[in-house]
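Asker: One structure, pasted below without further comment.
The values are calculated or read from the model by the stated rules, or taken from the named source; none is laboratory data. The structure displayed is predicted, hence computed values, not measured ones. Heads up, the Cβs are rebuilt from the backbone with ideal geometry, glycines too, and the neighbour counts pull from every protein chain shown. Calculation scope for accessible area: heavy atoms of the full protein, side chains included, ligands and nucleic acids excluded. Shrake-Rupley method; radii C 1.70, N 1.55, O 1.52, S 1.80 Å.
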Number of protein chains: 2
Amino acid sequence: MSSERLIYLPLGGSGEVGMNAYVYGYGPEGAERLVLVDLGVTFPDMDSTPGVDLILPDLTWLIERRDQLDGIIITHAHEDHVGALGHLWGKLRVPVYARQFTGRIARLKFEEHGHPVDQINIVAARPETVQIGPFKAQFVPISHSIPETSVMILDTPGGRVVHAADFKIDTDPVVGEAFDEDLYSAIGDEGVTALICDSTNVFVRHPGRSEGSLAEPITELVRGAKGMVVATTFASNVARLKTLAMAGQEAGRSVCLLGRAMQRMVRNAQETGVLKGFPATISAEEAADIPRENLMLLVTGSQGERRAASAQLSRGRYLGLELKPGDLFLFSSKTIPGNERGVLQIINAFSEMGVDVVDDSTTKYHVSGHANGPDLERFHALIRPDMILPNHGEHRMLRQHAKLAAEAGIATEVVTNGMMVELSGETPRVVEYVDAGRVYVDGAVQIGALDGVVRNRIRMALNGLVMVNLIVEDNAPLGDPWVEVMGLPDTGRSKAALAETMEDELSDFTERAGRKVMADDGKLEDGIRRIVRQVAMEEIGKKPEVIVVISRLA
Amino acid sequence: MSSERLIYLPLGGSGEVGMNAYVYGYGPEGAERLVLVDLGVTFPDMDSTPGVDLILPDLTWLIERRDQLDGIIITHAHEDHVGALGHLWGKLRVPVYARQFTGRIARLKFEEHGHPVDQINIVAARPETVQIGPFKAQFVPISHSIPETSVMILDTPGGRVVHAADFKIDTDPVVGEAFDEDLYSAIGDEGVTALICDSTNVFVRHPGRSEGSLAEPITELVRGAKGMVVATTFASNVARLKTLAMAGQEAGRSVCLLGRAMQRMVRNAQETGVLKGFPATISAEEAADIPRENLMLLVTGSQGERRAASAQLSRGRYLGLELKPGDLFLFSSKTIPGNERGVLQIINAFSEMGVDVVDDSTTKYHVSGHANGPDLERFHALIRPDMILPNHGEHRMLRQHAKLAAEAGIATEVVTNGMMVELSGETPRVVEYVDAGRVYVDGAVQIGALDGVVRNRIRMALNGLVMVNLIVEDNAPLGDPWVEVMGLPDTGRSKAALAETMEDELSDFTERAGRKVMADDGKLEDGIRRIVRQVAMEEIGKKPEVIVVISRLA
């Protein structure tokens, strides 16, 4: 038996959608050489992460083993696969490998963070092979909703891993390489130890539809429109942008891209040669002079983001452009769970303007970028691996995907973030549990998810805040305690001002408190807190957060 | 031309789903006698209303005209139609009218708030008529997802209003009265001035399915289950509870109701005679002793509510009961937009336990309680009103519903909260805009939505908080300023403690500030705020909320 082993360890993306980060290792136990596949972000929400800007995987385990790490591979340029690269590369400082378009996006992130861009290595598609430590890596083209997405082949003496990050089976993807069944069948023929495979759409029971199938319905919709047409989709879905723009062109409309992310994506896709034949576009200034029936806007903000172009337009004039009754707004996109409120707000605002909105309730104008249940089964059958480890998905998705594998008689295991699995045996074997978690980008700082900072924000939001200020001289109160409230009603049951009621009760307390209590910050604070909470419960029926500041004059 | 007029004024529920409250008036302009139909709540969320317990319609307009108000009609016992009755009745103090089951629920709300229950008048179904001011009112039975739902007929000398609150067309509703086409056709024959009509499901393009159609698939599912079966739905959907319980009984399972709301609804439905033939149930204590394959739990929490039984079970043992691998959990319910996160959290927790979850992605085990697009068209055709005013729905729904009316050649108008419409002309005419808004129940207090209290909570949650405490004696600082932070990272770019960095900068400021600044609370506060925000931007890249407390010693 060899003393070398092949290991797999997700640090993000397994047990959740987003924030992908997967470690592979090969070598003697505890001294494996490591490679990281993808380094993505996930997005905050008001419920659990108010005020946070971005969420990154916690790479503590990997950072501690930085000397074992030989490289970072990025499979494609979606934010949940590359978005953390700029934020975290400085803690890893190893070469990055990607195909050209993805590398271009990675480079922008490096530039933003001042990292050396020569650390980004552009790798051509299979059959080109790049050696990263003990891993012979190949980037295998596959269809998805962004150009140049790759399935990774990682060959080691301990076996071959096929890492299928986000993908779909699309033989007419409009932009980029079509799904090549023969290619994947050939990879299967070569023998695959483990397939690590996208699970996000496992519950969808019909085979996925092709990007190319959208041209006809979208063209028909745009051709039938009377006023201005505005369409939104993910900025990175350049195939969709092309389909939309072509439909506009065919209907005799000038096409204008609104939103920096979209302009940047299209430019990068054109400059790297992955996007060809995109119609000429006009600027917002030019668009303002064109009759609305001859205009088509492609705009950012398909998820209802408050500062994106869609939301701006829903609030009125934006860059000189404005929607009017009879205009058409098309969501050529699916609303990601959690974003419903923002999207519905925009739809209702457009409804108030008399704009006709076509949303994703009809699936006519959008197709998913992920493999559905039947597509996954087809992919399994092409790769024919010894084992399948579902990745990228909530637990319920991983579990369902593992069921599909088991039904096909393939060894499988539900592996979530922090579970290290040995792949070099007959079946996957969990060998270790490591700490995996989240780090918050909060303004200019990275804070740990368990630091309590965000928990305190949530508490202030739910309970409101009372601050008490007391000056003590010679262990006696100097003047009355001073109370400030924030996020609480001014008056409660008694109709008296809440802060004053608290001040009165606190004055009573400090006047009566003995010198023993007055001399002891801990006891004094406890007493003040108790009285504040008691008054709050009586007056307003809530228990606020309380901050007590005791100033002792010498 | 008569000087009397018939008016309609939604104060809640139009331009939103939930919080229904509709005023009708008849009489001379400005002196109409009024009746209020429904008085519901809507539910808060962390995004826009953190810490709030419930949201009520702002009835200021109506409260100011309380002497014109003759009664409150409740159409059915859903919270978005009756939930605000206890909270707001004290400000209106007029008789309440409802059918028996609804009246029972209204009575519970009166008891909670100490209102006189003899103000609740139980009215039998049409043909019984009750005179409320100038309105001859009839409660017309209709099918919905709670027993004894009524469409209201309000007859006045100025015309007949048919107010169709939530309803569906269901000829096999399992519990309660089936939809009676002849009855509604007869009402249409009598002549209807205005139909005010539920819009929530207008975008659904197929006719609604009957509650009765669920018995077979649910029974089959339960019969095929190996372990314990747990099912959740809205507590008030007693028809669904009966279908679920019967399926359990048929499969040889004892049925246990978990969750107070559900137990209360079933008891009230049984005691008022609307629910018959419900299987005998057992308590949680008894259930713990029964083999899991002979057990079926019906539980609250279909919307992922953190404290309901579903969520409790997803976190582990609850009342001695616990789910295990091989058990089945059925969501016999739709997830209301905005509740996705909470529901998915529960599903994933069950997935980790090895429980098989059947959710609402298949529409096999749930039907909606609302009329779909084609059902609305059918209803319009039965009632044949002079005008249709869509109600209960977001703006996009009202607009779509108005389109259906217009296509059928019926006069219509999109009317949202605060728009007063005269119904006694040929077509609906907007005659006035009144202030309509929201009131928050926050602990024991009602606060206005625009008071700024909740806005401050959101700001603290997004930006964090810094408190500065400064003691001033004789217009000079006494000691150093004291800083407390909450919801912010301890350290920033410089790695020094954030509070200390602020204190240092503030000391510099107060030492250098002239007596003129030190003597002026406004200038001093402004300076302190500026420095705190500046340090925060430099150190952590955020602009926190700042509270400054200046204590002046005499």
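Asker: So if the hydrodynamic radius of the protein assembly as shown is defined as the Kirkwood radius over C-alpha pairs, what does Stokes-Einstein give as its diffusion coefficient at 4 °C and 1.567 mPa s, in µm² per second?
Answerer: Numbers: Rh = 32.7 Å.
The estimated diffusion coefficient comes to 40 µm²/s.
Asker: Within 10 Å of each Cβ of B:43-53, how many other protein chain Cβ atoms are there on average? Walk me through the numbers on the way to the answer.
Answerer: Numbers: counts 0, 0, 3, 8, 6, 3, 1, 11, 11, 1, 2.
The mean count of partner-chain Cβ atoms within 10 Å per residue comes to 4.
Asker: Calculate the all-directions average of the projected area of the range A:464-553's alpha-carbon convex hull, and give it in nm². Show your work: numbers first, answer last.
Answerer: Working: hull surface 19.9 nm².
If I average the Cα hull's projected area over directions, I get 5.0 nm².
Asker: Taking θ as phi - 60°, what are the ³J(HN,Hα) couplings along the range A:362-370 by the Karplus curve (6.51, -1.76, 1.60), each to the nearest whole Hz, with x for Gly and Pro?
Answerer: 8, 9, 6, 10, 8, 10, 6, x, 10
Asker: Here is a further query. If you average the sequence gap of Cα pairs under 8 Å that are 6 or more apart and divide by the length of chain A, what percent do you get for the contact order? Spell out each step's value before the answer.
Answerer: Working: 1244 pairs, mean separation 81.1, N = 554.
For chain A, the relative contact order is 15 percent.
Asker: Quick check on chain A: helices-only [θ] at 222 nm, where DSSP H runs of length 4 and up contribute -39,500 (n - 2.57) each and the sum goes over total residues. Nearest 500, please.
Answerer: Details: 17 runs with 169 residues, N = 554.
Using -39500 (n - 2.57) per qualifying helix, the result is -9000 deg cm²/dmol.
Asker: Say a label goes 7 Å from Cα toward Cβ at residue A:93 in every copy; what distances in nm does this one have to the rest, shortest first?
Answerer: 7.7
Asker: While we're here: Extending each Cα 7 Å along its Cβ direction at residue B:65 and residue A:493, get the distance between those two points in nm, one decimal.
Answerer: That separation, rounded to one decimal, is 3.5 nm.
Asker: Stretched out fully, how many nm does the piece from residue A:48 to residue A:203 gain, at 0.36 nm a residue minus the Cα gap? Spell out each step's value before the answer.
Answerer: Working: separation 155, 0.36 × 155 = 55.80 nm, distance 2.60 nm.
Length gained, residue A:48 through residue A:203: 53.2 nm.
Asker: Can you give me the distance in nm between label points at residue A:293 and residue A:552, each placed 7 Å from the Cα along the Cα-to-Cβ direction?
Answerer: Here the modelled spin labels are 8.2 nm apart.
Asker: Along the positive direction of the dipole of the range A:212-358 (beta-carbon charges: Lys, Arg +1; Asp, Glu -1; about the Cα centre), which of A:308, A:231, A:280 reaches farthest?
Answerer: Positive-end residue among those listed: A:308.
Asker: For every other residue with a beta carbon closer than 12 angstrom to the beta carbon of residue B:450, add +1 if it is Lys or Arg and -1 if Asp or Glu, then tell me the sum. Mind dumping the intermediate values first?
Answerer: Working: positive: B:438, B:455; negative: B:58, B:435, B:451.
Once positives and negatives cancel, what remains is -1.
Asker: Which shape class, rounded, prolate or oblate, goes with the range B:37-99 when its Cα gyration tensor gives a ≥ b ≥ c as root eigenvalues, a/c under 1.5 marks rounded, and past that a/b bigger than b/c marks prolate?
Answerer: On the way: a/c = 3.02, a/b = 1.56, b/c = 1.93.
Oblate shape, in that a/c is at least 1.5 and b/c is the bigger or equal ratio.
Asker: Can you send over the carbon and sulfur percentage of the accessible area for chain B, probe radius 1.4 Å, protein chains only?
Answerer: Numbers: 10090 of 21580 Å².
Here carbon and sulfur together make up 47 percent of the probe-accessible area.
Asker: Continuing with the same structure: On a C-alpha basis, how far is the centre of the range A:347-420 from the centre of the range B:210-247 in Å? Whole number, if you could?
Answerer: So the two Cα centres are separated by 28 Å.
Asker: Also, quick follow-up: Hey, what's the Cα Rg ratio for the range B:182-303 versus the globular rule of thumb, 2.2 N^0.38 Å? Could the numbers behind the result be given before it?
Answerer: Working: Rg = 18.2 Å, N = 122, 2.2 N^0.38 = 13.7 Å.
Normalised Cα radius of gyration, the range B:182-303: 1.33.
Asker: OK, next. Answer with one residue from B:471, B:487, B:440: the one whose Cα lies farthest towards the positive end of the charge dipole of the range B:434-544, charges on Cβ with Lys, Arg +1 and Asp, Glu -1.
Answerer: Final value for the positive-end residue is B:440.
Asker: Hey, another quick one. Placing +1 at every Lys and Arg Cβ and -1 at every Asp and Glu Cβ, with all other atoms neutral, what dipole size does the protein assembly as shown have around its Cα centre, in debye to the nearest 20? Mind showing how you got there, number by number?
Answerer: Working: 112 positive and 154 negative charges, 112 e Å.
Roughly 540 debye for the protein assembly as shown.
Asker: Once you put a point 7 Å from the Cα of residue A:435 and another 7 Å from the Cα of residue A:451, both along the Cβ direction, what distance in nm separates them?
Answerer: So the label points at residue A:435 and residue A:451 sit 1.4 nm apart.
Asker: A follow-up question, please. Full extension from residue B:283 to residue B:29: what is 0.36 nm times the residue separation minus their Cα-Cα distance, to one decimal in nm? List each step's numbers first, then the result.
Answerer: Numbers: separation 254, 0.36 × 254 = 91.44 nm, distance 5.79 nm.
That works out to 85.7 nm of additional length.
Asker: If the label for residue A:336 sits 7 angstrom from Cα along the Cα-to-Cβ line, what are its distances to the same label in every other copy, in nm to one decimal, shortest first?
Answerer: Shortest to longest, the spacings are 2.6 nm.
Asker: Keeping all protein chains in place, calculate the accessible area per residue for chain A (probe 1.4 angstrom), answer in Å². Mind showing how you got there, number by number?
Answerer: Details: 21600 Å² over 554 residues.
About 39 Å² of surface per residue is accessible.
Asker: OK, next. Could you tell me the total accessible area buried at the A-B interface, probe 1.4 Å, in square angstrom to the nearest hundred? Intermediate results must be reported in sequence, preceding the final value.
Answerer: Values: alone 24230 and 24210 Å², together 43180 Å².
For chain A against chain B, roughly 5300 Å² becomes buried.
Asker: Rounded to whole Å, give me the distance from the Cα center of the range A:499-554 to that of the range B:106-125.
Answerer: 42 Å
Asker: Quick one: 3J(HN,Hα) in Hz for the range A:72-78, Karplus 6.51/-1.76/1.60 with θ = phi - 60°, rounded, Gly and Pro as x.
Answerer: 10, 9, 10, 7, 6, 9, 6
Asker: Follow-up. Rounded if a/c is under 1.5, else prolate if a/b beats b/c, else oblate: with a ≥ b ≥ c from the C-alpha gyration tensor eigenvalues square-rooted, which is chain B? Provide the component values of the computation, followed by the final result.
Answerer: Values: a/c = 2.41, a/b = 1.36, b/c = 1.77.
Here chain B falls in the oblate category.
Asker: Over 19 Å between Cα atoms: which of B:109/B:334; A:91/B:495; B:226/B:334; A:136/A:403 fall into that group? Show your work: numbers first, answer last.
Answerer: Working: B:109/B:334 26 Å; A:91/B:495 17 Å; B:226/B:334 25 Å; A:136/A:403 30 Å.
The answer is B:109/B:334; B:226/B:334; A:136/A:403.
Asker: OK, next. Normalise the Debye intensity by I(0) for the range B:56-139, one equal point scatterer per Cα, no solvent, then take log10 at q = 0.12, 0.18 Å⁻¹ and round to two decimals.
Answerer: Values returned for q = 0.12, 0.18 Å⁻¹ are -0.33, -0.75.
Asker: On to the next question. Label-to-label distances across copies for residue B:125, with labels 7 Å out along Cα→Cβ, in nm, shortest first?
Answerer: Sorted ascending, the copy-to-copy spacings read 6.7 nm.
Asker: Right, another one. Using the Karplus curve 6.51 cos²θ - 1.76 cosθ + 1.60 with θ = phi - 60°, work out ³J(HN,Hα) for each residue of the range B:382-396 in order, rounded to whole Hz, and write x for Gly and Pro.
Answerer: 6, 7, 6, x, 5, 8, 10, 10, x, 10, 6, x, 5, 3, 4
Asker: For residue A:276, give me every one of the lysines with a C-alpha distance below 24 angstrom, ignoring sequence neighbours fewer than eight places off in its own chain.
Answerer: Here the lysines satisfying the reach criterion relative to residue A:276 are A:168, A:242.
Asker: To continue, here is another question. Hey, what did the range A:143-207 get for relative contact order, percent, Cα under 8 Å, at least 6 apart? The partial results should precede the final answer.
Answerer: Working: 80 pairs, mean separation 22.5, N = 65.
Contact order relative to length: 35 percent.
Asker: At q = 0.21, 0.22 Å⁻¹, what is the base-10 log of I(q)/I(0) for the range B:474-514 according to the Debye formula with one equal point scatterer per Cα and no solvent? Please give it to two decimals.
Answerer: -0.68, -0.72
Asker: Would you mind giving the three semi-axes, in whole Å and largest first, of the ellipsoid equivalent to the range B:329-382 according to its Cα gyration tensor?
Answerer: Details: eigenvalues 205, 27, 7 Å².
Over the Cα atoms of the range B:329-382, the ellipsoid semi-axes are 32, 12, 6 Å.
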